[in-house]
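Let me begin by presenting the structure, written as structure tokens, before commenting on it.
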Amino acid sequence: MDPVIIVHGGAWDIPPDLLEPSVLGVERAAREGFKLLQEGYSALDAVERAVAIMEDNPTFDAGVGSVLNLEGYVELDAIIVDGASLRFGSVAAVRRIKNPISLARAIMEEMEEMMFVSEGAERVALELGFELIDPEELIVEREREAWKRRISSVRGTVGAVALDTNGRIAAATSTGGVPLKRPGRVGDTPLIGCGAYANELGGASSTGQGEPIMRVMLSKLAVDFLARGLHPTEAAQRSLSFMADRTGGWGGVIVLDNRGKVGYAHTSKRMAVAYSIDGDVVAKISSLE
Ligand code: ASP
């Protein structure tokens, strides 16, 4: 089976100065993830790598460069899902983890439990051999300034969905959440079926307004549309229309099916996406304008 990966760098009103870094960021993540798939690594390896690359890129609202909460520090949420086993691992409101997506994966693979939050998650991280970082390492000057000026515009959550040569599908999503959130606020990202979902039919990763996404379980909704025989693009569009109709919320979702077809849609002004087609990586800013 030919491997495929699709990644996103968040659905939001990406400003002109972040257009190029966003395209380059998703392009690199898709390329590196795709390379792993071509070398025979699993879909889980590919989505973890693609998301970790974007967590390390301060352009995005995930890992280093994330938005600050009301009290001026970063709290991170992440999830990884294995479509073949229906297992997942997730973490919420962690402050001292450099790559939450890797901790989520280790939880999925090494723990009985699937989700840990806050200091409990950080204790589990130590048990699993992760290093805890100084929370200051996640903060960049741009975000400190935005926090000082109380600027509260949403930024770019990251996510990936991949199909490997064995036909297995995995999905992953990571975020710093929304700016100026109350400490302890958890969005859709680390919740199964909301921020990401995968099964044997396909996988999805969502971004946008967390509370509406939770209310409709956007990623599960998109994958369920695949069961009705819809193309991933249509599944993405329909799930977002349902969310808009029922909650008034906006967002974006990437979808991949078990035949390797990819699709995406967004109701935000823009979304950075990249995907592999026949060995080439296509990266772009999708815009509603
Ligand atoms: N959905 C994320 C949250 O609400 C934010 C985003 O995707 O931009 O935490």
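Here, each number is a calculation from the coordinates, and none is a lab measurement. Predicted, not measured: the structure shown is a model, and the values here were computed from it. Glycine gets a Cβ as well: all are built from the backbone with ideal geometry, and neighbour counts include every protein chain shown.
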Discussion item. Can you return the lysines within cross-link range of Lys220? Criterion is Cα-Cα under 29 Å, with same-chain partners fewer than 8 residues away left out.
Written reply: Lys35, Lys98, Lys181, Lys261, Lys269, Lys284
Worksheet entry | Difference of contour (0.36 nm per residue) and Cα-Cα distance, Glu145 to Ile133 | 2.1 nm
Response to the item:
Rounded to the nearest whole number, the Stokes-Einstein translational diffusion coefficient of the range 59-164 at 25 °C and 0.890 mPa s (Kirkwood radius, C-alpha pairs) in µm²/s is 170
Worksheet, complete the sentence: One finds the C-alpha centres of the range 243-289 and the range 45-71 to be spaced, in Å, by 19
Worksheet item: So what J values fall out for the range 196-213 if you push phi through Karplus, 6.51 cos²θ - 1.76 cosθ + 1.60 with θ = phi - 60°, rounded to Hz, Gly and Pro as x?
Response: 7, 7, 7, 8, 6, 8, x, x, 8, 9, 10, 8, x, 5, x, 5, x, 4
Worksheet item: What's the exposure ranking of Leu288, Leu163, going from fewest to most Cβ atoms within 10 Å?
Response: Leu288, Leu163
Worksheet item: Where does each of Val216, Val124 land when they are ranked from fewest to most other beta-carbon atoms within 10 angstrom?
Response: Val124, Val216
Worksheet item: Pick from Leu76, Leu18, Leu240: which residue has the top mean-square fluctuation in a GNM of the chain where Cα pairs under 10 Å get a spring?
Response: Leu18
Worksheet item: From the backbone phi of the range 10-15, what are the Karplus-calculated ³J(HN,Hα) couplings (6.51 cos²θ - 1.76 cosθ + 1.60, θ = phi - 60°) in whole Hz, Gly and Pro given as x?
Response: x, 9, 6, 8, 4, x
Worksheet item: Assuming a viscosity of 1.306 mPa s and a temperature of 10 °C, what translational diffusion coefficient in µm² per second does Stokes-Einstein assign to the chain, Rh being the Kirkwood radius over Cα pairs?
Response: 89
Worksheet entry | J(HN,Hα) series, the range 214-223, from Karplus relation 6.51 cos²θ - 1.76 cosθ + 1.60, nearest Hz, glycine and proline x | 5, 5, 10, 6, 3, 5, 5, 4, 4, 5
Discussion item. Apply the a/c threshold of 1.5 to the C-alpha gyration tensor of the range 1-85 and tell me whether it is rounded, prolate or oblate.
Written reply: oblate
Discussion item. Taking the number of other C-beta atoms within 10 Å as the exposure measure, put His266, His8 in order starting with the fewest.
Written reply: His266, His8
